[in-house]
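Right, one structure below, let's go through it.
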Amino acid sequence: MIQLWAGIALLTLLALAFIFLPFAKTRKQHEAAIDRTEENIHIFKERLAELEAERDAGTLQPATFDELKLELEKNLLEDAEGQPSSVNAEPTTVVGKPQLMAVMLIAILIPVMGLGLYHQYGNADLVELTLNRQDQPFAKEGRQPTVEEVVGLLEAELAKKPDNAEGWYVLATTYMNMGEFTKATEAFQKVLLILPSESPQYPLVMGQYAQALYFVNGDVTDEVRQQIELTLEREPNEVTALGLSGIDQYSQGNFNQAISVWRKALEFAEPEAAESIKNGIRSALTSLEEAGEPLPDVPELVDVALPLTVSISSELLAQLSPDQPVFIFARAVGGKIPVAAARFTVKDLPITISLDDSMAMTPQMRLSSQSEVEVGARISMSGQPQASPGDLASPLLTVTVAEQEEPLNLLIDHVVQ
């Protein structure tokens with residue numbers, strides 16, 4: 001056993017030696033992603049504290065609190081894993097492939113990451129998969145494995161240890177991206193059999209299983225419809241199941257019902273999936289118009305954006321390094337958590353951008369959901385997303401979202417006390 005761990009340590013050090021140099025050269029490119037992760041964690045904690053305060057004050061029902069807390073946790077987990085889970089209104093589109101492939105390659109190429117994380121969270125069963133790769137042709141040939149080779153390793157590992165829910169989930173989502181939908185349904189079934197039914201992830205897997213069944217059948221069959229209903233009984237806001245339910249209504253010509261379901265899905269969908277759902281709503285509206293039927297009001301389709309021009313006073317600019325982070329944000333009046341935010345550096349200033357829903361921190365807190373917002377810009381002297389004394393900032397401007405068409409001018413001109 002000592003030889004095994006010593007071998008793992010040696011391989012890890014060698015892998016890190018090869019990986020470190022190119023990563024060091026691209027460090028600046030990764031700072032934005034790192035800061036975004038830290039910002040999301042900070043926002044998660046702040047939002048959770050606000051929800052707890054509202055619950056304790058009696059203004060938020062416990063059931064609503066639990067639902068919002070679960071949604072916050074799910075969003076944070078999906079952001080950390082880099083694997084958003086959603087369904088598009090267009091049935092042939094599968095989202096999340098770049099994120100999934102990145103995770104797969106990291107698990108194969110960086111043993112220390114897989115070993116440490118899986119050991120810490122009770123998933124050490126997949127460590128053997130990393131060890132086995134040393135005997136594979138791609139390792140001996142010094143090349144990266146193909147997707148098929150990675151899948152083969154994972155299939156072999158799961159054949160020996162079939163009770164690994166995470167392994168089956170990774171395999172299922174990989175099958176989906178490969179177009180192997182029948183195999184994906186079988187793998188999702190394995191996850192549902194192994195994963196505790198009270199797990200917060202259980203409804204999410206149920207929705208993805210329904211999606212896999214949909215792709216297998218090419219239509220919303222009775223089997224697919226039953227799985228959609230079971231998922232929504234467990235979690236009424238599960239986005240994948242809602243998206244499929246809208247597709248079902250649309251295919252039956254029930255365009256108003258489809259729009260209603262998709263509007264609900266928009267409340268919880270990530271920005272990328274939200275745009276696809278909006279396209280489905282637009283298609284349903286077109287069908288209603290062609291049939292001569294009255295069109296329902298869909299405010300979610302109104303594109304909301306705040307154009308901004310951000311600059312810094314020449315006196316303060318002389319005190320800064322070009323790589324100092326700049327945070328530009330919009331938040332509810334009197335609130336703390338941004339409904340839209342973007343990160344740049346001092347060297348990017350002056351800059352003109354538009355804040356919109358694609359820059360939301362969570363699906364439930366979007367720019368389009370606010371009538372008025374506070375807009376500001378801040379240069380973080382500590383490099384952290386949260387404000388602290390000594391940062392440089394612009395005055396906060398309160399604007400009416402729907403009425404703002406001309407770019408707002410934000411001048412960073414004072415030190416935060």
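Points to keep in mind about this one:
- Number of residues in the stretch 333-350 that are small (Gly, Ala, Ser) and either more than 25 Å from THR400 (Cβ to Cβ) or surrounded by 17 or more Cβ atoms within 10 Å (Cβ to Cβ) (or both): the value is 3.
- Wholly within the stretch 237-311, helices (runs of 4 or more DSSP H) carrying at least 1 residues that are more than 29 Å from ARG331 (Cα to Cα) and among the β-branched types (Val, Ile, Thr): 239-251, 271-290
- Residue ID - surrounded by the fewest Cβ atoms within 10 Å (Cβ to Cβ), chosen from residues in the stretch 359-390 that are more than 30 Å from LYS69 (Cβ to Cβ) and over 25 Å from the mean Cα position of the chain (by Cα): PRO389
- Unmet requirement for VAL216, which otherwise passes all of (1) closer than 30 Å to ALA360 by Cβ; (2) in contact (Cβ under 8 Å) with a residue 12 or more places away in the chain: (1)
- Just one of (1) modelled with pLDDT under 90; (2) acidic (Asp, Glu); (3) more than 29 Å from LEU68 (Cβ to Cβ); (4) not assigned by TED's automatic domain parsing to the domain that holds GLN370 fails for GLU275. It is (3).
- Here LEU232 fulfils each of the conditions (1) touching a Ser or Thr at 6+ places or on another chain (Cβ under 9 Å); (2) touching a residue at least 24 places away in the same chain (Cβ under 8 Å) apart from (2).
- Among the residues of the stretch 183-233, those that are of a type in the set (S, T, N, Q) and closer than 23 Å to GLU155 by Cα comprise THR185, GLN189, GLN201, GLN208, GLN211.
- Any hit, the stretch 245-252, residues being in the same structural domain as LYS183 (by TED's automatic domain parsing) and either closer than 26 Å to LEU68 by Cβ or at pLDDT below 90 (or both): yes
- Residue list for the stretch 299-334, filter: of a type outside the set (D, E, K, R) and closer than 30 Å to ILE259 by Cβ: PRO299, LEU301, VAL302, VAL304, ALA305, LEU306, PRO307, ALA330, ALA332
- Contacts under 6 angstrom Cβ, first residue in the stretch 322-345 being at negative phi, partner buried (at least 19 other Cβ atoms within 10 Å of the Cβ) and among the polar types (S, T, N, Q), 6 or more apart: PRO325/SER380; ALA332/GLN370; VAL339/GLN370
- Residue match in the stretch 377-390 (condition: assigned by TED's automatic domain parsing to the domain that holds LEU410, modelled with pLDDT of 90 or more and not small (Gly, Ala, Ser)): yes
- Considering the stretch 311-327, and only residues there that are over 19 Å from ALA342 (Cα atoms) and of a type outside the set (Gly, Ala, Ser), the residue that is surrounded by the most Cβ atoms within 10 Å (Cβ to Cβ) turns out to be LEU320.
The values are calculated or read from the model by the stated rules, or taken from the named source; none is laboratory data. Just so you know, these numbers come straight off a predicted model, no measurement behind them. We place every Cβ from the backbone using ideal geometry, glycine too, and count neighbours over all the protein chains shown.
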